[in-house]
Amino acid sequence: MLNGEKKIKRPLRWAMVGGGRLSQVGYKHRTGALRDNTAFQLVAGAFDIDPIRGKDFGMNIGVAEERCYPDYQTMFLEESRRDDGIEVVTIATPNGTHYEICKAALEADLHVICEKPLFFTSEEVLEIKSLAEEKGKIVGVTYGYSGNQMLLQMRAMIEKGAIGDIRIVELQYTHGFSSTEEADRFSDAQRWRVDPKIAGPSFVLGDLSTHTHYMSQLIMPHMKIKKLLCDRQSFISSRAPLEDNAYVLMHYENGAVGRMWTSSVNAGCMNGHRIRIVGSKASLEWWDSKSSELLYEIQGQPAQTLIRAMPYLDESCLADERLGALHVEGLSDAWANVYLKFAVAIDAKNRGDDKTLNQLVYPDIHAGLEGVPWVEHCVRSADQGGVWIDYQEVPEK
Ligand code: NAD
């Protein structure tokens, strides 16, 4: 169980690019990273595309005035001149900026935590991966809910054979918040999501389904996709070619089949993030709206609901417990778990502790090497009219 005691010798000096006053995701990063003040200290930032608003915001959240920078280039340069300069930076800006900021951060000898979908192409991920290796740095990807410990419970149960051989993988990440065209005028954050120059080759496939795809890989690391077929739609026609709804069918190497439904036009749905794994003996199911629970249904027996924090759970799941039984945990706790693992990974990398790094289960650059090609394959299949295409794992250089 976690209680905030230090896991690394001292907190890492941390900065953010983006995540400012009007950003959707910035506060999630801060609630995650700063939950354990023994892991990170927020000491600098280029929080906003608008330097004046960014500085005002940074000072309002307690960052020293002289360390609220007008842009990331100035921040990396100025911080490199300080004895107490930043060691790690989070990139929480729109998708189209991730690659250039990530590259600049690694070149400035910083560890990087970057938002999903990491970049636009697999080539970019491979290039950043080799740069990170050359620099001896970590690149983490913030798949926030992947820090929910019930997913580690699923992973442990599947590994131990609790559901038998996996046959069916049902994945869903949908909401209804973009059901109308007006939604695209409502906020900057929605507007850029449907602009291919900023969002990349997809809308919901990158924005939503990359989370669920990574989480499925976390739960079932042995399951490799053999081929997939994607059908994508732009129900709001002004979003074309970017999709606001997509279905993906998958065949896995072991003969299992899968399906992903991702959508931002699932009208009436506030959060439909669900993973159901069907095995030859039983099924496991997790919903984000009941993220402290895991449904375990053995064929022919009454269904069971496994509850977070209970001693019958796997030790890997209990290790990430924060509040204990009786209390409800949620998304912020999952983010805190992900960030704590980033801190442990960065510390291990700095010390050359490969044993710790190899044992740590968290979304590192390999998560990007799964998410970006996932989107590329889906888009390629859909743009050929929804055809089956072979899934090529990206060769690691
Ligand atoms: P947003 O438009 O709400 O906010 C973007 C922020 O970045 C703003 O503060 C903006 O001023 C700032 N910004 C833009 N360009 C900048 C630059 N060059 N330098 C400094 N600041 C800059 O976007 P959002 O919804 O917060 O999304 C940001 C990223 O986070 C996207 O990649 C998105 O996919 C991702 N995201 C992830 C999750 C998650 O659960 N992991 C949730 C939401 C968004």
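Is any helix in the chain, taking whole DSSP H runs, at least 24 angstrom long along its axis by alpha carbon and on average at least 0.0 on the Kyte-Doolittle scale, and which ones?
Going by DSSP H runs, the hits are 331-351, 365-383.
Set the Förster radius R0 to 22 Å, insert the Cβ-Cβ distance between Ser187 and Met59 as r into 1/(1 + (r/R0)^6), and round the FRET efficiency to 0.05. Step by step, r from the Cβ atoms, then E = 0.35.
Which listed residue (Gly300, Tyr312, Met270) has the Cα farthest towards the positive end of the charge dipole for segment 263-326, taking +1 on Lys and Arg C-beta and -1 on Asp and Glu C-beta about the Cα centre? Working it through, the farthest residue towards the positive pole turns out to be Met270.
Sorting the segments 266-273, 153-160, 298-305, 110-117 by their residues' average number of neighbouring beta-carbon atoms within 10 angstrom, most packed first, yields 110-117, 153-160, 266-273, 298-305.
The residues neighbouring Val194, those whose beta-carbon lies less than 12 Å from its own, together hold a net charge of -2 under the Lys/Arg +1, Asp/Glu -1 convention.
Would segment 222-330 count as rounded, prolate or oblate if I go by the C-alpha gyration tensor, calling it rounded below 1.5 in a/c and otherwise prolate when a/b exceeds b/c, oblate otherwise?
Values: a/c = 2.46, a/b = 1.52, b/c = 1.62.
It is oblate, given that a/c is not under 1.5 and a/b is not larger than b/c.
Centroid-to-centroid, using Cα positions, segment 139-217 and segment 60-111 are 27 Å apart.
Assign unit charges at the C-beta atoms only (+1 for Lys and Arg, -1 for Asp and Glu), then state the dipole size of segment 131-235 relative to its Cα centre in Debye, rounded to the nearest 20. Write out the running numbers ahead of the final one.
On the way: 13 positive and 12 negative charges, 76 e Å.
Approximately 360 debye in magnitude.
Is it possible to state the helix-based mean residue ellipticity at 222 nm for the chain, with each DSSP H run of 4+ residues giving -39500 (n - 2.57), the sum divided by total residues, to the nearest 500 deg cm²/dmol? What is it? Intermediate results must be reported in sequence, preceding the final value.
Details: 14 runs with 136 residues, N = 397.
Calculated mean residue ellipticity at 222 nm is -10000 deg cm²/dmol.
Taking neighbour Cβ counts within 10 Å as the exposure measure, how do Asp354, Asp195 sort from fewest upward? All intermediate terms of the calculation are to be shown ahead of the outcome.
Working: Asp354 10, Asp195 16.
Placing the least packed residue first, the sequence is Asp354, Asp195.
Among 2-13, 226-237, 64-75, 332-343, what's the highest-first ranking by average C-beta atoms within 10 angstrom per residue?
On the way: 2-13: 13.8, 226-237: 18.3, 64-75: 16.8, 332-343: 24.8.
Per-residue Cβ counts within 10 Å, averaged per peptide and sorted highest first, yield 332-343, 226-237, 64-75, 2-13.
From the square roots a ≥ b ≥ c of the eigenvalues of the alpha-carbon gyration tensor of segment 268-368, which class results: rounded (a/c under 1.5), prolate (a/b over b/c), or oblate?
Working: a/c = 1.89, a/b = 1.77, b/c = 1.07.
Prolate, since a/c reaches 1.5 and a/b exceeds b/c.
Of the residues Ala325, Val25, Thr97, the one whose Cα sits farthest towards the positive end of the charge dipole of the chain is Ala325 (charges of +1 on Lys and Arg Cβ, -1 on Asp and Glu Cβ, taken about the Cα centre).
Each peptide in 198-205, 166-173 was scored by the mean count of other Cβ atoms within 10 Å over its residues; highest first, the order is 198-205, 166-173. Net charge dipole, the chain: roughly 600 debye, given to the nearest 20, about the Cα centre with Cβ charges of +1 for Lys and Arg and -1 for Asp and Glu. Below 11 angstrom from the Cβ of Leu313, what's the summed charge of the other residues (Lys, Arg +1; Asp, Glu -1)? Net charge in that neighbourhood comes out at -3. Need one word for segment 78-211: rounded, prolate or oblate. Basis is the Cα gyration tensor (sqrt eigenvalues a ≥ b ≥ c); a/c below 1.5 gives rounded, then a/b vs b/c decides. Oblate shape, in that a/c is at least 1.5 and b/c is the bigger or equal ratio. Projecting the Cα atoms of Ala348, Tyr362, Trp374 onto the charge dipole of segment 285-379, computed from C-beta unit charges around the Cα centre, puts Ala348 farthest toward the positive end. Rounded to the nearest 20, the size of the Cβ-charge dipole of segment 1-108 about its Cα centre is 460 debye, with Lys and Arg at +1 and Asp and Glu at -1.
Each value in this text was obtained by applying a stated rule to the coordinates, not by laboratory testing. Here the structure is a predicted model, which means the values were calculated and not measured. All Cβ positions, glycine included, derive from the backbone under ideal geometry; neighbour counts span all protein chains shown.
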